[in-house]
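Enquirer: Quick one: structure below, then a few questions.
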Amino acid sequence: MYSQPKNLSTALKNMLTNALTAFMYVFLFIASVWISLANAKDDKKIYHLSIKHHIFTPTTLTIPANEKVKIIIENHDDVAEEFESFDLNREKVIFAGRKSTIYVGPLPEGTYEYFGEFHPNTARGKIIVVEMKP
Amino acid sequence: MIINTIILFLRDLLPLFILFGYLHVFVKQQTLTFSYLSPALILGVISSLLFFWIVPHISEYYEGTGIERTYVALLVITYSCLFLINSTTSKSVLISGKIKSLILVAASSFIIFKVSAFLIFFDVYFQQQGNSINILIGCIIGLGICASFTTLFTFILTELLESNKTIIINICWALFLAGQLSQITIYLSQVDLINIGPAVIDFSAYIKDQSEYGHVLKALIGFEESPSKLFIFIYSFSFALPFLAQMFITILQRRNHHE
């Protein structure tokens, strides 16, 4: 029903298909190994946020300027919540009774707002970035 | 609530509709499309439900970075399996066993990525509101928007194909694939696997990511209101790769023809 293109021999077509498929498998293998083995560098300062009764605690988090930090968010509620911040370009679902990690920064001094997308009226907070003396 | 549900459809399901629109045009025969793509749909939907069930556990893997890693893997699989085909790929190649398998794997991966995200949000909204009428109305409108947009989009692609303007289709297709793949920079940066650096340009004064136009453009070409250097690099590379691969294949074909 479907004829072969005349300008391409069957042998060449098979060879190309095999070569491209092999390339794809190798690429996928490398990508999957990297994704599963690569670890985030853990020399970051760690901050904690918790969600209870659809409220972030603490509501204000102060972090150092020009430094990447790790924020561990723990959800104590029985429904999922999403940490969302347009200012920080971050969006992450934290499932009920679970905790997740998010990295922010390095950021210049300022105030960056975030909220819980599923309960935006109550779950609100801000991250204040300040210069910290060593 | 209705608006939120419609936004969910635009954000999570419109890219899926667009992907199936492209594949529909590439396969070229309406009667063939359903039987051709139905295994991917069935496999993708079942996998999405399974993924939705286990995603709370996955979210805690790798110190709470499991979801991002999984999403990156799904996007890489989708891109890797699709960048070799376009509107000039012959039907005989598209229905050949290996290429068909690649397309099915890609479609299934993309369904898992998009539908599972949709299910997570939908599940929470449903629990939170308990207002099923509003959700139902939002779903009907959202589905209607996605379906009508895709119908119009597919019609335009078909017209372009029949006018032999395949280069335009291929550029749009490459932009779509690049837009999807380049999302990995946001996920990888969020879990500190890469540093993307500051934004190079800011389009937020014109179109915001979270606006309706932003969602549609993101679905079509992967629009980002404030892209970083790395985002632009990955976007450009993944946009160019299908054309480079096509050029390589054409050179080999010509060489063989001369021999």
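The values are calculated or read from the model by the stated rules, or taken from the named source; none is laboratory data. Bear in mind that the values here come from a model prediction, so they are computed numbers and not experimental data. Because the Cβ atoms are built from the backbone with ideal geometry, glycine has one as well, and the counts that use them run over all protein chains shown.
Enquirer: Could you grab me the full set of residues in the range A:103-123 that are part of a strand (DSSP E or B), under 14 Å from A:Glu91 (Cα atoms) and of a type outside the set (A, V, I, L, M, F, W, C)?
Expert: A:Tyr103, A:Tyr112, A:Glu113, A:Tyr114, A:Gly116
Enquirer: Another question about this same structure. Consider B:Lys114 against the criteria (1) more than 21 Å from B:Ser182 (Cβ to Cβ); (2) out of contact with any strand residue (DSSP E or B) (no Cβ under 9 Å at 6 or more places or on another chain): it satisfies all of them except one. Which criterion is unmet?
Expert: (1)
Enquirer: Can you pull out every residue in the range A:91-102 that is outside any loop (DSSP other than H, G, I, E, B) and crowded, with 20+ Cβ neighbours inside 10 Å?
Expert: Of the range A:91-102, the ones outside any loop (DSSP other than H, G, I, E, B) are A:91-94, A:99-102.
Correct list: A:Lys92, A:Val93, A:Ile94, A:Ser100, A:Thr101, A:Ile102.
Enquirer: If you don't mind, another one. Search the range B:202-217 for residues that are more than 24 Å from B:Thr150 (Cβ to Cβ) and pair each with any residue that is loosely packed, with under 14 Cβ neighbours inside 10 Å when their beta-carbon atoms are under 6 Å apart and the residues are at least 6 apart or on different chains.
Expert: none
Enquirer: Between A:Pro108, A:Pro120, which is in contact (Cβ under 8 Å) with a residue 24 or more places away in the chain, within 14 Å of another protein chain (Cβ to nearest Cβ) and surrounded by fewer than 19 Cβ atoms within 10 Å (Cβ to Cβ)? Please lay out each step first, then the result.
Expert: On the way: A:Pro120 fails: in contact (Cβ under 8 Å) with a residue 24 or more places away in the chain.
Of A:Pro108, A:Pro120, the one residue that is in contact (Cβ under 8 Å) with a residue 24 or more places away in the chain, within 14 Å of another protein chain (Cβ to nearest Cβ) and surrounded by fewer than 19 Cβ atoms within 10 Å (Cβ to Cβ) is A:Pro108.
Enquirer: Further question on the same structure: Give the range B:199-215 a look and list any residue that's under 30 Å from A:Lys44 (Cβ atoms) and either at the interface with chain A (Cβ under 9 Å from one of its Cβ atoms) or among the small types (Gly, Ala, Ser) (or both), or say none.
Expert: Those that are under 30 Å from A:Lys44 (Cβ atoms) and either at the interface with chain A (Cβ under 9 Å from one of its Cβ atoms) or among the small types (Gly, Ala, Ser) (or both): B:Ala199, B:Ser204, B:Lys208, B:Asp209, B:Gln210.
Enquirer: So which residues in the range B:26-43 are at pLDDT 85 or above and either surrounded by 20 or more Cβ atoms within 10 Å (Cβ to Cβ) or of a type in the set (Gly, Ala, Ser) (or both)?
Expert: Those that are at pLDDT 85 or above and either surrounded by 20 or more Cβ atoms within 10 Å (Cβ to Cβ) or of a type in the set (Gly, Ala, Ser) (or both): none in the range B:26-43.
Enquirer: If A:Val79 satisfies every condition in (1) more than 8 Å from chain B (Cβ to nearest Cβ); (2) over 17 Å from B:Glu63 (Cα atoms); (3) of a type in the set (A, V, I, L, M, F, W, C) but one, which is the exception?
Expert: Unmet for A:Val79, out of (1) more than 8 Å from chain B (Cβ to nearest Cβ); (2) over 17 Å from B:Glu63 (Cα atoms); (3) of a type in the set (A, V, I, L, M, F, W, C): (1).
Enquirer: Still on this structure: Exactly one condition in (1) of a type outside the set (Phe, Trp, Tyr); (2) within 14 Å of another protein chain (Cβ to nearest Cβ); (3) under 30 Å from B:Ala240 (Cα atoms) is false for B:Gly64; which is it?
Expert: (3)
Enquirer: Follow-up question, since we're still on this one. Need a quick list: helices (runs of 4 or more DSSP H) entirely within the range B:108-197 having at least 1 residues that are more than 17 Å from B:Ile6 (Cβ to Cβ) and touching an Asp or Glu at 6+ places or on another chain (Cβ under 7 Å).
Expert: B:184-190
Enquirer: A follow-up question, please. Quick one: would you say B:Thr166 is modelled with pLDDT of 90 or more and surrounded by fewer than 19 Cβ atoms within 10 Å (Cβ to Cβ)?
Expert: no
Enquirer: Against the definition (of a type in the set (Gly, Ala, Ser) and facing chain B (nearest Cβ under 7 Å)), how does A:Ser85 come out, yes or no?
Expert: Working: of a type in the set (Gly, Ala, Ser): yes; facing chain B (nearest Cβ under 7 Å): no.
So A:Ser85 fails the test.
Enquirer: Answer yes or no: is there a residue in the range B:198-213 that is surrounded by fewer than 22 Cβ atoms within 10 Å (Cβ to Cβ) and assigned to a helix (DSSP H, G or I).
Expert: The initial filter retains those residues of the range B:198-213 that are surrounded by fewer than 22 Cβ atoms within 10 Å (Cβ to Cβ), namely B:198-213.
Applying the additional criterion that residues be assigned to a helix (DSSP H, G or I) yields B:212-213.
Yes, that holds for at least one residue.
Enquirer: Continuing with this model, one more query. Restricted to the range A:74-88, and to residues that are in a strand (DSSP E or B) and either aromatic (Phe, Trp, Tyr) or touching a Gly at 6+ places or on another chain (Cβ under 8 Å) (or both), which residue is farthest from A:Glu113 (Cα to Cα)? First the steps, then the outcome.
Expert: Filtering the range A:74-88 down to residues in a strand (DSSP E or B) leaves A:74-75, A:81-85.
Filter again for either aromatic (Phe, Trp, Tyr) or touching a Gly at 6+ places or on another chain (Cβ under 8 Å) (or both), leaving A:75, A:81-84.
Values: A:Asn75: 19, A:Glu81: 16, A:Glu82: 14, A:Phe83: 11, A:Glu84: 9 Å.
It comes out as A:Asn75.
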